Amino acid sequence: MQKENEYIPLVEQVMEIRKRGEVPLAFIRTYGCQQNVADSEQIKGFLAEMGYDFTDSPENADFILFNTCAVREHAEDRVFGNVGALKSLKRKHPSILIALCGCMMEQEHIAQRIYKSFPFVGLVFGTNCIHQLPEMMYKCLVDGRRLVVRGNQDTVIYEDIPKKRDGTFKAWLPIMYGCDNFCTYCIVPYVRGRERSRNPEEVINEAKTLIESGYKEITLLGQNVNSYGKGLPEEEKMTFAQLIAEIDKIEGDYLLRFMTSHPKDCSKELIDTIANSKHISTHLHLPFQSGSDRILKRMNRHYDRAKYMEIIRYAKEKIPNVSLTSDIIVGFPGETYEDFKETVSLVEEVGFTSLFTFIYSPRKGTPAAKMDDPISYEEKNKWFQELLSVQEKISAKRCADMVGKQYKVLVEGYTNHNNELQARTSGNIIVELPCGEENLVGQFCIVEITQAKNWILKGKII
Ligand code: 5AD
Ligand code: SF4
């Protein structure tokens, strides 16, 4: 990092000459998951140190960056379309630097395609190269070179990268990077590299600083937070349950969330910790992906339906009002309608608050992409719609059961029509509230639920 920091003033000097307006402006667009959002906060941290300000319009920017997602084909197609549209901008303002980073760029075939098809893209870098941003930018800006920098095998965690957080009361806090699970459908282990945990003291101190500076909600991030601590040196060893128990001890009025949990590592110790905590949210996002044991095996998930249901039963018993959500893939290669029906029956058995449902998308280089996949997309889409309508009724019933009850919510902002406040319960359900005199955004308040609208609630402040 020492060497990297030396590039910061150099980029600042270059941009003093090259900027188009008063100050150099950067436009950052982030696709995909919260990990990408957290990565973009580090990128913005570096840019701010290099003298950049930020703009919402690519037309005004001196530096344009797309932080990409590779998890499904749809996400990639959007990036290709949107990058193509930047060509005319670069022609109009040749001095702008266009860059792409994130999970898509860690795939060799994609990086090559970008390099060949989009000559106006000056910089391509992978998920583990953010710490080199000032140096990479300097080389592009000074030498006019096109750079492709990848290398997801780097397992070092760089703690001193600056951060410019998007939120003032909600914060993302990565606790680990990468994934070792190799679910057969998933590209993440290939593009984010091996699992590695941050030092617990660093994490706890960061949480403390956030709480002391007034943050009300902290979300701990990792592809599989339940395996936090594996691989840490003996003297730093800590499980995820121990980590959140330590953070929970920090005094203050705040809510602690985390994502994502993997059922294979979700321990009773973790559920007990949530149940006995003061600040940890009652929302457990526990993706089961499929209700069929045959498909779970083909997905390489290392649990079966019975094990999943055992965790769910334990969570329901220990955490009053636990709010459960899940990710589900419909139409995994070789899945039959009977397998799919097992997913539906699990959804009915658990009674989730809401679901994140996806139609299987083949990812080049993953084992599932080579499996026989005889069911048409149209057929999978019918199953998908069937699942949505089952869940719709469950969500509606869950919400209806909350009417008349009181909950503590965090007010996050205004609804799209701007005439109501939007808040969120600890269980991660949105509550719309009438605006009062006082500005309540960023504050907790107690509300009574007055009405349920499918998966959204209406309430009034008590
Ligand atoms: N196709 C469809 N959905 C996928 N997911 C991951 N990979 C794929 C894929 N190839 C889903 C999983 C995961 C969520 C983040 O994205 O459900 O939990
Ligand atoms: Fe992908 Fe499985 Fe790792 Fe989640 S646990 S990131 S689905 S490989």
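The values are calculated or read from the model by the stated rules, or taken from the named source; none is laboratory data. Computed from a predicted model, the values in this text were never measured in an experiment. Counting neighbours? That spans all protein chains shown, and the Cβs are built from the backbone with ideal geometry, glycine included. To get the accessible areas, we keep the full protein, side chains included, count just its heavy atoms, and leave off ligands, DNA and RNA. Shrake-Rupley method; radii C 1.70, N 1.55, O 1.52, S 1.80 Å.
Of the residues making up region 285-303, those that are open to solvent by 10 Å² or more (accessible area, probe 1.4 Å) and away from ligand 2 (no atom under 16 Å from the Cβ) number 2. Looking only at residues of region 264-279 that are farther than 13 Å from PHE240 by Cα and not small (Gly, Ala, Ser), we find that the one that is most open to solvent (accessible area, probe 1.4 Å) is LYS278.
Considering the conditions (1) open to solvent by 20 Å² or more (accessible area, probe 1.4 Å); (2) hydrophobic (A, V, I, L, M, F, W, C); (3) under 30 Å from GLU412 (Cα atoms); (4) touching a Pro at 6+ places or on another chain (Cβ under 9 Å), TRP172 is excluded by exactly one of them, (4).
In this structure, GLY214 does not satisfy being over 21 Å from the mean Cα position of the chain (by Cα), under 24 Å from SER267 (Cα atoms), in the same structural domain as HIS279 (by TED's automatic domain parsing) and assigned to a loop (DSSP other than H, G, I, E, B). For region 399-407, the criterion of being in a helix (DSSP H, G or I) and either surrounded by 13 or more Cβ atoms within 10 Å (Cβ to Cβ) or touching an Asp or Glu at 6+ places or on another chain (Cβ under 6 Å) (or both) is met by at least one residue. Of the residues contained in region 217-239, none is found to be within 16 Å of ligand 1 (Cβ to nearest atom) and among the aromatic types (Phe, Trp, Tyr). Tell me, please, whether a residue that is at pLDDT below 95 and open to solvent by 40 Å² or more (accessible area, probe 1.4 Å) can be found in region 237-248. Scanning region 237-248, I find at least one residue that is at pLDDT below 95 and open to solvent by 40 Å² or more (accessible area, probe 1.4 Å), so the answer is yes. Please find, within region 197-227, the residue that is least open to solvent (accessible area, probe 1.4 Å) out of those that are among the charged types (D, E, K, R) and touching a Lys or Arg at 6+ places or on another chain (Cβ under 9 Å). Step by step, filter region 197-227, then rank; the result is GLU217.
Candidates are the residues of region 322-374 that are in a helix (DSSP H, G or I) and closer than 20 Å to ILE187 by Cα; the one that is most open to solvent (accessible area, probe 1.4 Å) is LYS370.
Check whether at least one residue in region 187-196 is touching a strand residue (DSSP E or B) at 6+ places or on another chain (Cβ under 7 Å), under 30 Å from VAL71 (Cβ atoms) and open to solvent by less than 20 Å² (accessible area, probe 1.4 Å), and report yes or no. Checking region 187-196: at least one residue is touching a strand residue (DSSP E or B) at 6+ places or on another chain (Cβ under 7 Å), under 30 Å from VAL71 (Cβ atoms) and open to solvent by less than 20 Å² (accessible area, probe 1.4 Å). Note on region 1-108: no enclosed helices (runs of 4 or more DSSP H) hold 3 or more residues that are crowded, with 18+ Cβ neighbours inside 10 Å, in contact with a His (Cβ under 9 Å, 6 or more places away or on another chain) and among the basic types (Lys, Arg).
Taken over region 140-153, the residue count meeting the criterion of being surrounded by 18 or more Cβ atoms within 10 Å (Cβ to Cβ) and not hydrophobic (A, V, I, L, M, F, W, C) is 2. Scanning region 66-85 for residues that are more than 13 Å from ILE114 (Cα to Cα) and away from ligand 2 (no atom under 16 Å from the Cβ) yields ASN67, HIS74, ARG78, ALA85. Taking SER261, is it open to solvent by less than 20 Å² (accessible area, probe 1.4 Å), within 16 Å of ligand 2 (Cβ to nearest atom) and either among the β-branched types (Val, Ile, Thr) or without any contact (Cβ under 8 Å) to a residue 40 or more places away in the chain (or both)? Considered against the rule, which asks whether it is open to solvent by less than 20 Å² (accessible area, probe 1.4 Å), within 16 Å of ligand 2 (Cβ to nearest atom) and either among the β-branched types (Val, Ile, Thr) or without any contact (Cβ under 8 Å) to a residue 40 or more places away in the chain (or both), SER261 comes out as yes. When we screen TYR314, TYR308 for residues that are out of contact with any strand residue (DSSP E or B) (no Cβ under 8 Å at 6 or more places or on another chain), over 13 Å from PHE288 (Cα atoms) and either without any contact (Cβ under 8 Å) to a residue 40 or more places away in the chain or in the same structural domain as HIS262 (by TED's automatic domain parsing) (or both), the only hit is TYR314.
For the condition at pLDDT below 95, under 21 Å from the mean Cα position of the chain (by Cα) and not in a helix (DSSP H, G or I), ASN181 does not qualify.
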